[in-house]
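Down below is the structure, laid out as structure tokens.
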Amino acid sequence: MAQIDELRLVRRLRWIAIVLVAAGAALTLAAQPSTFWSLPTSAIRFDGLPIHSSTNPMFDFFLGQGWRAYLAGVGLYGATIWFLAAVLPKRLAIVAELTVILGLCYSESNWVVVRWHTGTAGAEFFFAGVAFVLTMAVLPAIHDREGEGLRRLCWLMAFTTTVDGAFTLIGQPASYWRETQTVHEANPLAKFFLETGLWAYAAYIAALIAVPWLVSIRVSRGTGWVIVLGVTLGGLFGGSNWLFYEWRLGLQAPILYSMALSFIVVWLCLKGNQAAKPGERPNDGVAECRLWQC
């Protein structure tokens, strides 16, 4: 990955962040109980609890003031993102935008899972959609004809999947190590392997990394990016759920995790980047190579 159009990347990520802010607002309002429209204080959060719950307190001031105040707050949030992306140094702006995108991806996927009871399958479909949008936006700004960027992202996928697996084992009750049937896990497939035993679960985590990795480097470039990003987001979701729901560290824990991943992404993708010459686009010479055929 020799050249990256960083300004183009900033602009495209900014639009994705704004779209996710709007999508989050729509999901939030759609998920509210019928009483919310006449009694805003009855609003609920993405985890299904009242906004004023003392468990994992969140900043939901605007939502509790009614839908007009909430939409005004959303507008202010979107304007702040736009402003920061415009004034921050490009790489720092990319980190900030990715942090917003990953944080919103986590919270919005929780609306899908918790409020509409879709289970982990609903979250997986949501991640696939976000991964597709990210690929369509990011890949044209990155010269990745040799697949170096994809291979680097595979390591990020391995990291989030391993962290999720480690958190899962740490979060098991003491009785699990004596009787595996007492497993504590929401994902049915992961629960099956945990019930089978530690080594079965370790093999499951290894397969979660190896299979997408091997498939992604053998399919078209765009498809490979969607696969890797989707699994990476799944790992972020799983690890963040342990931080938020089980260990009650508040929403700031998933946000800090998202920020750390954003720094890693920028370091991986922009490492050794060469600035394009004036008037030269990073993917010059490969414009004829369609995204899903490279």
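Kirkwood radius and radius of gyration were both taken over the C-alpha atoms of segment 56-146, and their ratio Rg/Rh is 1.04. With a simple spin-label model that places each label point 7 Å from the Cα along the Cα-to-Cβ direction, the separation between Glu195 and Ala207 comes to 1.6 nm. Given axes a ≥ b ≥ c from the Cα gyration tensor, I'd like to know whether segment 50-205 is rounded (a/c under 1.5), prolate (a/b larger than b/c) or oblate. Note, shape of segment 50-205 comes out oblate. By its C-alpha gyration tensor, with a ≥ b ≥ c as the square roots of the eigenvalues, how is segment 92-137 shaped: rounded for a/c under 1.5, else prolate for a/b larger than b/c, else oblate? The shape class here is oblate. Under the convention that each Lys and Arg Cβ holds +1 and each Asp and Glu Cβ holds -1, the size of the dipole of segment 6-270 around its Cα centre is about 660 debye.
Inter-label distance, Trp82 to Thr55: 3.8 nm, where each label sits 7 Å from its Cα along the C-beta direction. Calculate I(q)/I(0) for segment 110-201 by the Debye formula, one identical point scatterer on each C-alpha and no solvent, and give its log10 at q = 0.11, 0.13, 0.14, 0.17 Å⁻¹ to two decimals. The calculated log intensity ratios at q = 0.11, 0.13, 0.14, 0.17 Å⁻¹ are -0.48, -0.64, -0.72, -0.91. Got a sec? Which residues in segment 59-103 would a label at Leu39 touch, if it sits 7 Å along Cα→Cβ and we count backbone N under 17 Å? Within reach of a label on Leu39: 64-67.
Membrane-span-like helices in the chain, defined here as complete DSSP H runs extending at least 20 Å along the helix axis by their C-alpha atoms with mean Kyte-Doolittle hydropathy no lower than -1.0, are 6-30, 67-87, 90-110, 119-138, 148-170, 198-216, 221-241, 252-270; this is a sequence and geometry rule, not a statement about a membrane. Taking all Cα-Cα distances within the chain, those exceeding 33 Å account for 28%. In terms of its alpha-carbon gyration tensor, segment 20-109 comes out prolate; a/c meets the 1.5 threshold, and the first ratio a/b outweighs b/c.
As a proxy for reagent exposure, His117, His184 were ordered by neighbouring Cβ count within 10 angstrom, fewest first; the result is His117, His184.
How many angstrom lie between the Cα centre of segment 109-174 and the Cα centre of segment 193-216? Cα centres, segment 109-174 to segment 193-216: 15 Å.
When you count the other C-beta atoms within 10 angstrom of each residue and take the mean per peptide, 45-53, 28-36 line up highest first as 45-53, 28-36.
Read-outs: derived from the displayed coordinates by stated rules, not from any lab. Only a predicted model underlies this, so the values are computations on that prediction, with no experimental measurement involved. Every residue, glycine as well, gets a Cβ built from its backbone with ideal geometry; the counts of neighbours run over all protein chains shown.
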